[in-house]
Amino acid sequence: MLNCLRPRTLLLALLFLVGAAAAFAQVPTSPSTQFPYTGPPTEGVSVLKMPAPGRHWAFIMAPLYGNFLVSQIYVIDGDSAKILGMMTGGLLSTAAVSPDRSRIYVADTFFSRGTRGARTDVVTIYDTKTLAPTGEVVIPPRRLLAAPDNLQLKATSDGRLLLVANMTPATSVTVIDTAGDKVVGEIPTPGCPEFQLVGARRFVSLCGDGAMLSVGFDDAGKVRSEKRSKPFFDPEKDPVYAYPAIIGTENYYVTYHGMVHPMDVASDPPVAGASWSLVSDQEKAQGWRPGGAQPFWGHSASGLIYILMHQGGEWTHKQPGAEVWVFRAKDHRRVQRLTLPEAASSIYVSSDKQPLIFAATPTDVLQFGAKPFTLQVLAADGRYLGKIDQLGGFPAAIFGL
């Protein structure tokens, strides 16, 4: 209690606080430095500059230890196995990089009272060189609030427009003019959540009945054309994961039981190809099936599909994969079978001709004393290159440049 402190003790405490404040006020500022900084130590506060974006950069979107009100977006360099930086977003944020790599867009949702109150949706714009926010665009408060993936936010190939997926539960796409940083339109996509840009001004969207919607639009966010494919899978018997493995203009949709449904998205509307299975009859009897938060990735340069596989029963499609099975898409042949040191829930493969495989190991964020998730890095031939740990909450999605 305060009345128990002796006057001399109080005087010393006050002198310490005054001295500390004075010392802090006299700390000189220093200019921004290049990353990594190799010069002599400097006093004061400075802002590091990011290196030029590399072919083996990866971005990881993850809620903060299961707290979905705060999102983290990590920037990882796979070559050095280091964290380059981090951005902090709002509720279930999702991110995308501009085509010229100068901007990082993060779609955020905030409530005035934390978990309730007035809702505000924004797209925050970050400078790739500093990871500092440089602006924001307030968007209609109907952004899709779900586990982040790579089908919720994307810039067109010319960088002029930015699209945001909505669900209220009505589904639509908000269109933003990036030059003026303003909303210009909204495109309804009834029954078809999320989107994938497949042309300069066209996107496709997977629909709840097993069909695919194709929408052409203009710079004002108005619909020019709208076509719908025939259903190509049965969502009641064997649903697909929402995000496909993409190889060129072919989408490969994987089902919970391990079937693959190709879709040619260059056609308008998209056209389905012949379906094939990831597993043999023997492997199916052993319970092998895909699983995880982001369980597969397509590598266009090689025509390969990388898939996290586990042994489990019905409805284990979120279970992490102990192995990575690699398939050649053109003839459906498995060409590699890699065992991971740690089971992973999300996988990403860099797009270059000498790719790295990134595999994120989940953690039970609801368990007391749970460890942070880790990111394993492997060469394309399966050589284990190391891991990055202390990454915080559950990894939701990984993407690259």
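Being part of a strand (DSSP E or B) and more than 21 Å from the chain's Cα centre (by Cα) is a property that does not hold for His257. Scanning segment 307-326 for residues that are within 23 Å of Val377 (Cβ to Cβ) and touching a residue at least 60 places away in the same chain (Cβ under 8 Å) turns up just one, Ile307. Filtered by the rule that a residue be more than 30 Å from Lys182 (Cβ to Cβ), touching a residue at least 40 places away in the same chain (Cβ under 8 Å) and either surrounded by fewer than 13 Cβ atoms within 10 Å (Cβ to Cβ) or charged (D, E, K, R) (or both), segment 217-254 gives Arg228, Lys230, Glu250. From the set of residues in segment 324-337 that are of a type outside the set (Phe, Trp, Tyr) and crowded, with 17+ Cβ neighbours inside 10 Å, which is farthest from the chain's Cα centre (by Cα)? Here the residue is Ala329. Among the strands (runs of 3 or more DSSP E) confined to segment 46-104, the ones with at least 1 residues that are of a type in the set (Phe, Trp, Tyr) are located at 57-64, 67-77.
Run down Leu391, Leu338 and say which single residue is aliphatic (A, V, I, L, M) and modelled with pLDDT under 95. Outline the logic, then answer.
On the way: Leu338 fails: modelled with pLDDT under 95.
Being aliphatic (A, V, I, L, M) and modelled with pLDDT under 95 holds for just one of Leu391, Leu338, which is Leu391.
Put simply, of Thr156, Thr120 the only residue that is modelled with pLDDT of 95 or more and buried (at least 20 other Cβ atoms within 10 Å of the Cβ) is Thr156. In this entry, Ser302 passes the filter for residues that are among the hydroxyl-bearing types (Ser, Thr, Tyr) and closer than 29 Å to Lys82 by Cβ. Confirm whether Val138 is in a strand (DSSP E or B), exposed (fewer than 15 other Cβ atoms within 10 Å of the Cβ) and at pLDDT 95 or above. Criteria met by Val138.
The values are calculated or read from the model by the stated rules, or taken from the named source; none is laboratory data. Being a predicted model, the structure only gives us computed values, none of them experimental. Cβ sites come from the backbone with ideal geometry, for glycine too, and all protein chains shown count toward neighbours.
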